[in-house]
Amino acid sequence: MALQEEFEQYAEKAKTLPESTTNEDKLILYGLFKQSTVGPVNTSRPGMFNMRDRAKWDAWKAVEAKTKEEAMGDYITKVKQLLEAAA
């Protein structure tokens, strides 16, 4: 299976993660997903009163040095770990 196809498959599986998934794990997944689909951060950092979007931006910025392929691989690994932990 090609990396892109596997990534898309696990992106769908990520939607089935339990509500108990921590915000930290959700932010890691968000950052890896954005890096995989958009590439490096292309927006300015949200203001300090917009805490939610600021945390998401920071998570994306943290993985900015990864290539698209590295981010996809890390995303797949993280979703697998979370699904196994939830089982």
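Among residues belonging to the stretch 34-62 that are outside any helix (DSSP H, G or I) and among the β-branched types (Val, Ile, Thr), point out the one that is farthest from residue 82 (Cα to Cα). Step through it out loud before you land on a result.
Narrowing the stretch 34-62 to residues outside any helix (DSSP H, G or I): 38-50.
Checking the rest, the ones that are also among the β-branched types (Val, Ile, Thr) come to 38, 41, 43.
Numbers: 38: 23, 41: 25, 43: 29 Å.
Within the stretch 34-62, the match that is farthest from residue 82 (Cα to Cα) is 43.
For the stretch 34-56, enumerate the residues that are among the aliphatic types (A, V, I, L, M) and either touching a Cys at 6+ places or on another chain (Cβ under 9 Å) or surrounded by 10 or more Cβ atoms within 10 Å (Cβ to Cβ) (or both).
Matches in the stretch 34-56: 38, 41, 51, 55.
What is the number of the single condition among (1) farther than 20 Å from residue 4 by Cβ; (2) touching a Gly at 6+ places or on another chain (Cβ under 8 Å); (3) not aliphatic (A, V, I, L, M) that residue 68 does not meet?
Going through (1) farther than 20 Å from residue 4 by Cβ; (2) touching a Gly at 6+ places or on another chain (Cβ under 8 Å); (3) not aliphatic (A, V, I, L, M) one by one, residue 68 breaks only (1).
For residue 71, all conditions in the list (1) open to solvent by 50 Å² or more (accessible area, probe 1.4 Å); (2) not in a loop (DSSP other than H, G, I, E, B) hold save one; what is the number of the exception?
(1)
Just to be sure I understand the filter: pairs with C-beta atoms under 6 Å, separated by 6 or more residues or on different chains, first member in the stretch 1-16 and modelled with pLDDT of 95 or more, second member assigned to a helix (DSSP H, G or I) and of a type in the set (Gly, Ala, Ser). Which pairs pass?
Going by the 6 Å Cβ cut-off, there are no qualifying pairs.
Do we have residue 80 as outside any loop (DSSP other than H, G, I, E, B) and in contact (Cβ under 8 Å) with a residue 60 or more places away in the chain here? Steps first, please.
On the way: outside any loop (DSSP other than H, G, I, E, B): yes; in contact (Cβ under 8 Å) with a residue 60 or more places away in the chain: yes.
Taking the combined requirement at face value, the residue satisfies it.
With the requirement that a residue be open to solvent by 70 Å² or more (accessible area, probe 1.4 Å), in contact (Cβ under 8 Å) with a residue 40 or more places away in the chain and outside any loop (DSSP other than H, G, I, E, B), what does the stretch 17-33 give you?
Within the stretch 17-33, just 33 meets the criteria.
Can you tell me which residues in the stretch 40-61 are within 12 Å of the chain's Cα centre (by Cα) and either among the charged types (D, E, K, R) or more than 16 Å from residue 25 (Cα to Cα) (or both)?
56, 58, 61
The values are calculated or read from the model by the stated rules, or taken from the named source; none is laboratory data. Not measured: the values here are computed from a predicted model. Note that each Cβ is placed from the backbone with ideal geometry, even for glycine, and that neighbours are counted across all protein chains shown. In case anyone asks, the SASA skips ligands and DNA or RNA and just uses the protein heavy atoms, side chains included. Shrake-Rupley method; radii C 1.70, N 1.55, O 1.52, S 1.80 Å.
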